[in-house]
Amino acid sequence: MNKLILKTSVLSLSALLLVACGQTKKEQPAEEAVAKSGNPVFEGWYADPEGVVFGDEYWIYPTYSAPYDEQTFMDAFSSKDLVNWTKHPKVLSKENISWFKRALWAPAVIHANDKYYIFFGANDIQSNNELGGIGVAVADNPAGPFKDALGKPLNALHVASDFLAKHSDHYDFRGELLGDKAATVVFDNSKIKRLVPDFICHISMAEGLRQAVHYMLSHPETQTPDPEFDSWCDRIANAISAADKAF
């Protein structure tokens with residue numbers, strides 16, 4: 001490069017730096033203010049928020065905090081920018097759940113088969129002789145109205161992993177129930193990190209579960225009935241129920 005050109009370029013750069021450094025704080029271009037929602041993000045007595053993204057919108061489904069006899073509905077809130085929120089009142093309410101009486105809380109929402117499903121706890125049951133527990137309602141859009149999908153609470157039955165493993169003659173659940181997956185609330189990626197030290201998980205467990213459920217619901221080949229396995233599950237459930245009734 002020509003020495004004169006090089007010298008001129010260096011001098012020009014130096015002059016620009018001096019001009020930039022010589023600007024007062026007042027003369028510096030002001031940073032554009034970032035809009036924030038602040039906390040709380042919206043007013044009201046709410047708790048147990050379920051946050052989920054549907055399309056290009058953020059949704060929050062909270063529990064309405066009130067005495068149990070007044071906890072008879074759920075509102076939802078949507079936003080495109082996490083700053084401005086739109087309230088959707090009573091997306092789930094008592095008149096659409098025939099068995100529901102009080103204490104509606106802890107929502108969780110998924111999108112599958114072009115429908116929206118909301119899971120919730122209801123009635124604050126204290127024994128197996130009371131009607132209540134986990135319910136599920138369905139709607140055509142995330143703003144509801146959600147309506148009862150089953151007409152009754154989910155008939156969930158807890159069976160210990162040891163019991164399943166012991167009586168699964170035709171199904172090997174030992175690795176899944178008593179091995180690495182025995183602690184369902186612990187995610188341990190140490191094994192994969194030994195093979196891929198730079199491994200970083202970018203998908204949360206909640207999102208992974210949603211994707212797995214969506215995949216199964218949208219692929220009929222994964223929903224093929226297995227009468228033999230269903231029969232085995234019924235025998236397990238009947239054995240547990242009989243033992244429970246015996247005491």
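Observations, loosely collected:
- One residue stands out in region 188-212 among those that are small (G, A, S) and surrounded by 10 or more Cβ atoms within 10 Å (Cβ to Cβ): the one that is modelled with the highest pLDDT, namely A212.
- Test result for P40, exposed (fewer than 10 other Cβ atoms within 10 Å of the Cβ), within 24 Å of G135 (Cβ to Cβ) and free of Cβ contacts under 8 Å to residues at least 12 places away in the same chain: no
- Residue that is nearest to the chain's Cα centre (by Cα), among those in region 62-77 that are outside any strand (DSSP E or B) and small (G, A, S): S65
- Flag if D75 is among the acidic types (D, E) and surrounded by fewer than 16 Cβ atoms within 10 Å (Cβ to Cβ): no
- Residue, surrounded by the most Cβ atoms within 10 Å (Cβ to Cβ), within region 213-246, restricted to residues that are aliphatic (A, V, I, L, M) and farther than 25 Å from H170 by Cα: L217
- Taking the criterion of being under 18 Å from V138 (Cα atoms), surrounded by 13 or more Cβ atoms within 10 Å (Cβ to Cβ) and not hydroxyl-bearing (S, T, Y), the residues of region 78-96 that qualify are H88, K90, V91, L92, K94, N96.
- Failed condition for A182, given (1) at pLDDT 90 or above; (2) farther than 30 Å from Y58 by Cβ: (1)
- On inspection, D234 does not qualify as free of Cβ contacts under 8 Å to residues at least 24 places away in the same chain, in a loop (DSSP other than H, G, I, E, B), out of contact with any Leu (no Cβ under 8 Å at 6 or more places or on another chain) and among the charged types (D, E, K, R).
- Identity of the residue in region 97-129, loosely packed, with under 15 Cβ neighbours inside 10 Å and over 18 Å from L209 (Cβ atoms), that ends up modelled with the lowest pLDDT: N128
- Residue satisfying all of: in region 78-122; more than 17 Å from K147 (Cα to Cα) and not aliphatic (A, V, I, L, M); nearest to the chain's Cα centre (by Cα) among these: S78
- Every residue from region 130-146 that is surrounded by 15 or more Cβ atoms within 10 Å (Cβ to Cβ) and more than 20 Å from the chain's Cα centre (by Cα): G132
- Residue among L157, L150, L131, L92 that is in a loop (DSSP other than H, G, I, E, B), within 23 Å of P67 (Cα to Cα) and of a type in the set (A, V, I, L, M, F, W, C): L131
- For N84, the criteria (1) at pLDDT 95 or above; (2) assigned to a loop (DSSP other than H, G, I, E, B) hold in every case but one, which is (1).
The values are calculated or read from the model by the stated rules, or taken from the named source; none is laboratory data. From a predicted model like this one, the values you see are computed outputs, not experimental measurements. Ideal geometry is used to build each Cβ from the backbone, glycine not excepted, and the neighbour counts take in all protein chains shown.
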